[in-house]
Structures are given as C-alpha cells and as structure tokens.
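Engineer: Here's a structure for you.
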Amino acid sequence: MTAPLNLRDLEALARERMQPGPFAFYFGGAADEVTLRENEAAFECRRLRPRVLLDVARRRQSVELLGTRVRLPVGVAPTGQHGFAHADAEVATARAAAQAGALFCLATGSTRPMEEVAEASGDAPRWFQLYTQSNRGITEDLVRRAAAAGFGALVVTVDLPVGGRRERADRAGFQLTSPRTGNFARYGDEQFAELTQRSGYGMLTWDDLAWLRGIAPLPLVLKGILTADDARLAVEHGAAAVWVSNHGGRQLDRSPASIDVLEEIVEAVDGRAEVYLDGGVRRGVDVVTALALGARAVFIGRPALYALAWNGADGVAAMLLMLALEVDNAMALLGVTSLDKLTRAHVM
Ligand code: FNR
C-alpha cells in the first residue's frame, strides 16, 4: 500500500513499520476484545437520513469547546507513549493537530514532557489528561504545570481504578515499564520509587473531585463515563464536560460501545455540561452520527498513533485532513452547512 485513503488504511501501514510488541500495545483491547470490536461495529449499524434540495454550497465545521473555537469537531484523544510510533512523539502529534485545527489532549503518560509539547502547540488549544497519582504532591504539581503551560482543561480519566487485562500485549511479550521520562523526569528518587511501586492510580473517588477542583484553575472534563447515573453525578460534582468513553475497549471488556450509550448520557446531562465521545470513530459518517446524537465533539485514539508511526507529524496531519474531508462530504450529502444543524432526525 502506498498512500492511505482513509483512517482504516493506517492500521496496516503502522503494523508494517512497528515492532510487534508496541503495535500490540497500541492495537489491543481488554480480554476478548468484545468492546474493542463493538465500538466500530455499533457505528456501522447506524443509518443516516439525508435531506435533499438544500443549498449546501458553503459548509463549515468549527465548534466551540469549553469556550474556545476550534476548526474541527474532531480532537486527538490522550494516548500514552507516542515514542513507540515516532522519535518526535507527542511533539509531532501536537504540531500536526495545531496545523489541522484539531484540539490535542496530552496524556499523563506521554513520552515527552508537557512543557515541550505545549511549545510545539504554539497558540493552538490543548488539554491535559490527568491520571491522579498516589502521591498527592505529584498530582498537584502535574496540575500546576499543566495550567502554567497553557493547557485549557483537565481531562480526568475515571475508568482506570486498575488497569484492564490486555492479553494481546502480554502475548506479544510486551511490558510497559515506567521509565523516568516524560512528565515524571523531574521528580526525585523518593517520589519516583513511590510512583513505580504504586498499585492503582491513586484511587480517585467522587469525594476527591472537590479537592481537584480546588487545586485546578481549569475546567474539569470527566473521561470514561458510560451511564446516565454517572453523567448526572459528574454534573453535580461540577464537571464542565462529560466524555463518553470505554477507553477504546481497553478497560472493562463487554462494557457497551460508546455510541450506544451516548443518547442516554446526553439526556441525563440535559445541557448542563458539554458531552464528547471517543471509541471507534474512523469515518466522517461516524463523526456526524455522534454529533447528531448530541456529542459536541469526538476524539480519535488509535488512528493518530498509526498515522504517527506511518509518517510522523505529516502523517497525523494527513489523517486529520482525510477525516475533515469525509465530514465535509457527509455534511453536504446530509443537507447541513454547519454542525449545529445536525439533529436526532438525521440518524436512525
Ligand atoms: C489509550 N487511552 C488512554 N486514555 C487516557 O485517558 N489516558 C491514557 O494514557 C490512554 N492511553 C492509551 C493508550 C493507547 C495505546 C490507546 C489505544 C488508548 C484511551 C484513549 O484516550 C481513547 O479513549 C481511545 O483510544 C478511543 O478509542 P479509539 O479511537 O482508539 O477506538
């Protein structure tokens, strides 16, 4: 294969270029990978209802996310360790997202430290994904650094009290060691010893969110919500946004496909917070489906990593452009000129 035509093509290109272990780490889901497969399959079950004879000559797909205008309704989801894909790691991914007009969300477990990534982003909007650490001092420091480096929101991942059981990576003999790199390079021996010995990720509970809100001058986004009940609690605990996600099928296998629970969550949130979605978004028609069902934006996980492995920053920018062109095409064929014109009636 020479040039990819769509996001699915990127998987094969990355597989050719990467070592089997790291590829299995990127690709894999938990246990039998039921949820991993279903994220994409559930989108394919949806059908779109086009409206015709409308003037769709001029189309724009910008959206406002937590008060900031972004050019695309598609952002890059937080994924750890971009260094397995490319030497420039998150610096390349962030630069590409900035160029394409997509919001970039940096993971706590990045290969490169957040300050370098912020510099590569320039003025472009960026958010920081937080895994709270068992050492509260380190958590507070990460949050302060993110605010100082211009990250505009704190994306608190709530679906990882423990890691999922990911056998594909195990079978490939891959073990994620925690080298003293990225955001943790600066911490002392004692703090680092605690980090590597930790079990779980500091066991965040609803009660801790008030503490987090106290130390963070940033809006909180709760990532990993899959039920209406938790969406309501998120709003009650002051979340500015709810991010519907099953962690790309990497945590609880047989949790539902993200797109299948979106509507109940949008209904529960009832306009009190923004709602985003990730998991299995691979096509422009997936993006418009999620937006028509009430998501304000969607995020892309694996295809960004595959694009980075294929062709560095240019690969990621090309991936985002392919998706933006597909969204544009879907909008014209559905009969909408801006994303706020997508409604429930466009999907069956
Ligand atoms: C992830 N994801 C993730 N999420 C998070 O909040 N913090 C993290 O560090 C990571 N790390 C990570 C690594 C890898 C290799 C993958 C594939 C995923 C989950 C990610 O943000 C997102 O929820 C899913 O990847 C979305 O699904 P798709 O687009 O990969 O199908």
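The values are calculated or read from the model by the stated rules, or taken from the named source; none is laboratory data. Given the structure is predicted, the values throughout are model-derived calculations rather than measurements. Cβ coordinates were reconstructed from backbone atoms using ideal geometry, including for glycine residues, and neighbour counts include every protein chain displayed. Side chains are part of the model used for accessible areas, which takes the heavy atoms of the whole protein and leaves out ligands, DNA and RNA. Shrake-Rupley method; radii C 1.70, N 1.55, O 1.52, S 1.80 Å.
Engineer: Using heavy-atom solvent-accessible surface (probe 1.4 Å) with all chains present, what is the largest-first order of D340, D260, D314, D141?
Structural biologist: Output order, biggest surface exposure first: D340, D314, D260, D141.
Engineer: Ordered by residue, what ³J(HN,Hα) values in Hz, to whole numbers, does region 267-274 give under the Karplus form 6.51 cos²θ - 1.76 cosθ + 1.60, where θ = phi - 60° and Gly and Pro are x?
Structural biologist: After applying 6.51 cos²θ - 1.76 cosθ + 1.60, I find 5, 5, 5, 6, x, 7, 8, 7 Hz.
Engineer: Follow-up. In whole Å, what three semi-axes, largest first, describe the equivalent ellipsoid of the chain built from its Cα gyration tensor (square root of 5 times each eigenvalue)?
Structural biologist: 30, 23, 20
Engineer: Further question on the same structure: Could you give me the ³J(HN,Hα) list for region 281-286, computed from phi with Karplus coefficients 6.51, -1.76, 1.60 and θ = phi - 60°, whole Hz, x at Gly and Pro?
Structural biologist: 6, 10, 9, x, 5, 5
Engineer: Of the options A185, V298, G284, report the single residue whose Cα projects farthest towards the positive end of the charge dipole of the chain (beta-carbon charges: Lys, Arg +1; Asp, Glu -1).
Structural biologist: G284
Engineer: If you count only protein heavy atoms and use a 1.4 Å probe, how large is the accessible surface of L5, to the nearest 10 Å²?
Structural biologist: 140
Engineer: Full-extension gain between D328 and R60, please, as 0.36 nm times their residue separation minus the C-alpha to C-alpha distance.
Structural biologist: Full extension from D328 to R60 adds 95.7 nm.
Engineer: Two decimals, Cα atoms only, Kirkwood Rh: what is Rg/Rh over region 283-336?
Structural biologist: 1.04
Engineer: Now a separate question. Dividing the alpha-carbon radius of gyration of region 1-85 by 2.2 N^0.38 Å (N being the number of residues), what value is obtained?
Structural biologist: 1.50
Engineer: Per residue of region 226-234, in order, report the coupling 6.51 cos²θ - 1.76 cosθ + 1.60 (Karplus, θ = phi - 60°) as ³J(HN,Hα) in whole Hz, putting x for Gly and Pro.
Structural biologist: With the stated coefficients, region 226-234 comes to 10, 10, 4, 4, 5, 4, 4, 4, 4 Hz.
Engineer: For A147 and L53, compute 0.36 nm times the residue count separating them, minus their Cα-Cα distance, and round to one decimal in nm.
Structural biologist: 29.1 nm
Engineer: Run lengths n ≥ 4 of DSSP H only: what is the helix-derived mean residue ellipticity at 222 nm for the chain, with -39500 (n - 2.57) per run over all residues, to the nearest 500?
Structural biologist: -13000 deg cm²/dmol
Engineer: Further question on the same structure: To the nearest 10 Å², what's E167's accessible area with a 1.4 Å probe?
Structural biologist: Only protein atoms counted, so the area is about 80 Å².
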